[in-house]
Amino acid sequence: MVWLAGLITLVSIVLWVYAFFDALTCPADEARNLPKLLWLVVIVLFVPVGALLWLFLGRPQAATTSTTSARPESASTEFLDPSDPQPPSGRSHPLGPDDDPEFLRRLNKRINPED
């Protein structure tokens, strides 16, 4: 029976640490229902309950991806080639530079402008 108490204690500590660091790294404007600082106080003072409250009531909502827009409006355009006739296509996930054929084409065009 002692191992069950130890397991519950361990799960409580892991849950508290996760909730505390999740709340700490969350952007302040994305915390729900209470200000971020107040959430941190709740998590610290009410150890098992505060962490559960944060997870269910305070965490930011999961970001929903929009399939209607090709590119987000906040995307940076500083690496776009102005002479490139085609804008980058909208993908649902980012690619590494060596996996992106558009990036490789633009890079080749910058390296060999006479081609």
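The values are calculated or read from the model by the stated rules, or taken from the named source; none is laboratory data. Small disclaimer: the values here were computed from a predicted structure and weren't measured. Accessible surface is based on the protein model in full, side chains and every heavy atom, while ligands, DNA and RNA are left aside. Shrake-Rupley method; radii C 1.70, N 1.55, O 1.52, S 1.80 Å.
Looking at the square roots a ≥ b ≥ c of the eigenvalues of the Cα gyration tensor of segment 1-47, which shape do they give, rounded for a/c under 1.5, prolate if a/b is larger than b/c, or oblate? Prolate, since a/c reaches 1.5 and a/b exceeds b/c. Remark: the Val49-Leu4 segment gains 14.3 nm on full extension, using 0.36 nm per residue and subtracting the alpha carbon distance. Largest first, the residues Glu30, Glu102 sort by 1.4 Å accessible area into Glu30, Glu102. To the nearest 10, the accessible area of Ile13 is 90 Å² with a 1.4 Å probe.
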